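Only one structure is covered here, and it is reproduced in the block below.
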Amino acid sequence: MKTFFVAICLLSISWSAQAGALSSAESLLARDLRNAKITFGHEQRLYHYFDIYQEDAPATQALMATPQGRKQVLQTRISYATSKFWSKTSGSKGLFAGEGLYLAIDPHISESYGKMMIEFTVKPDSYYISLARGLYLSADTVKAIYQEGHLVADPDNGIPDTMRISEMTLAMILQPENARFRLLLQKALKSENIMMAEYVWRSDLDVVCGEESLQTAFVYIGTDPRLPEFSAVEMADVKQVYAGIAMTAGEQRASREAQKLRSLIDINQQAMSANEMVENALAIYKSENEFKNAVGRLHGCRP
């Protein structure tokens with residue numbers, strides 16, 4: 001009996017050691033993400049264009065006629081895009097920065113992607129990771145990822161010394177052979193409450209706030225229907241597709257402010273000098289203070 005008890009204890013210790021080993025890559029990856037995550041620092045606005053699914057259907061038209069219905073349409077769009085990031089498998093190919101909801105830093109650059117726009121007002125304390133220069137994982141994290149079999153090492157070169165997480169990584173994890181690493185990254189992001197990633201893309205903010213403006217975009221992956229990362233999420237009819245609908249005050253404000261920015265970008269892209277750009281801004285915004293307030297809410301404009 002004593003021998004049996006000792007054997008059981010040894011087996012329990014072995015299982016515990018294995019469980020600890022299985023969690024080491026996740027904890028190390030979470031540590032690296034924790035050290036790299038950033039808060040927005042102040043309230044900022046991001047933008048998403050989309051086409052409404054089955055827009056001409058009577059049921060959809062009925063939803064668009066009421067504030068509650070439009071919130072439902074908006075939530076359906078967000079949930080559809082973000083939930084795909086968290087699925088266990090994916091057959092998607094060709095996505096630049098993986099699955100999720102793509103958010104532009106200005107309301108002009110991505111307007112060809114749909115008739116309607118959603119304006120996201122990001123809370124100052126919301127987290128994101130910047131992949132603009134790549135996020136390099138520590139050597140012990142990389143070693144644990146490969147030793148635990150989340151990725152397969154090249155037999156000719158062995159385990160690599162470093163690993164760079166970038167927008168290409170978010171696309172790479174969609175492939176079936178990388179399913180284990182995808183699950184590992186999902187767990188680490190969730191544990192650190194990181195629901196947004198910034199990556200190198202394009203913006204038209206250079207004609208609004210100068211050549212030093214950022215050329216990036218975001219992918220949002222949060223699935224909480226309360227959208228805790230944002231203080232406001234508003235549907236905006238910047239193209240006046242639904243001009244006959246009585247929009248809420250928030251929707252009207254989002255539409256109006258986005259329209260001003262779009263108009264300024266359109267005009268300034270034809271401007272011949274910096275002075276002309278400033279004159280255009282004051283003509284649209286009426287005062288320097290109003291223009292500064294608008295620019296201050298844009299992620300891509302350097303303070």
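The values are calculated or read from the model by the stated rules, or taken from the named source; none is laboratory data. Keep in mind that what you see is a predicted model, and the values were worked out from it rather than measured. Neighbour counts run over all protein chains shown; Cβ positions are idealised from the backbone, glycine included. Quick note on the areas: whole protein, heavy atoms, side chains included, nothing else; ligands and nucleic acids left out. Shrake-Rupley method; radii C 1.70, N 1.55, O 1.52, S 1.80 Å.
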For region 146-158, Karplus-derived ³J(HN,Hα) couplings (6.51, -1.76, 1.60; θ = phi - 60°; whole Hz; x for glycine and proline) come out as 7, 5, 8, x, 6, 9, 9, 6, 6, x, 7, 10, x
Under unit Cβ charges (Lys, Arg +1; Asp, Glu -1), what dipole magnitude, rounded to 20 debye, does region 25-224 have relative to its Cα centre? 640
For a protection proxy built on the mean count of beta-carbon atoms within 10 angstrom, sort 105-111, 209-215, 42-48 highest first, please. 105-111, 42-48, 209-215
The simple spin-label model distance between Q72 and M272, using points 7 Å out along Cα→Cβ, in nm, is 5.5
Estimated [θ] at 222 nm from DSSP helical runs (n ≥ 4, -39500 (n - 2.57)) normalised by residues in the chain, nearest 500: -14000 deg cm²/dmol
Residue separation between A249 and E212 times 0.36 nm, minus their alpha-carbon distance, gives in nm 10.0 nm
Compare D161, D206 by solvent-accessible area with a 1.4 Å probe and give them largest first, with all protein chains kept in place. D161, D206
Area of F181 that stays accessible when all protein chains are in place (1.4 Å probe, Å², to 10): 0
Within region 254-298, what whole-number % of the accessible surface is contributed by carbon and sulfur, with the 1.4 Å probe and all protein chains included in the calculation? 50
At 1.4 Å probe size, with every protein chain present, just tell me what the per residue accessible area of the chain comes to in Å². 53
Can you pull the percent of region 95-189's accessible area that's carbon plus sulfur, 1.4 Å probe, other chains left in place? 54
Magnitude of the Cβ-charge dipole of region 254-298, K/R +1 and D/E -1, about the Cα centre, nearest 20 debye? 220
Take the alpha carbon gyration tensor of region 254-298, find the square roots of its eigenvalues, order them as a ≥ b ≥ c, and report rounded if a/c is under 1.5; if not, report prolate when a/b exceeds b/c, else oblate. oblate
With a ≥ b ≥ c taken as the square roots of the eigenvalues of the C-alpha gyration tensor of region 153-239, please select rounded if a/c is under 1.5 and otherwise prolate if a/b is larger than b/c or oblate if it is not? oblate
Accessible-area order (highest first, 1.4 angstrom probe) of the listed residues W201, W86: W201, W86
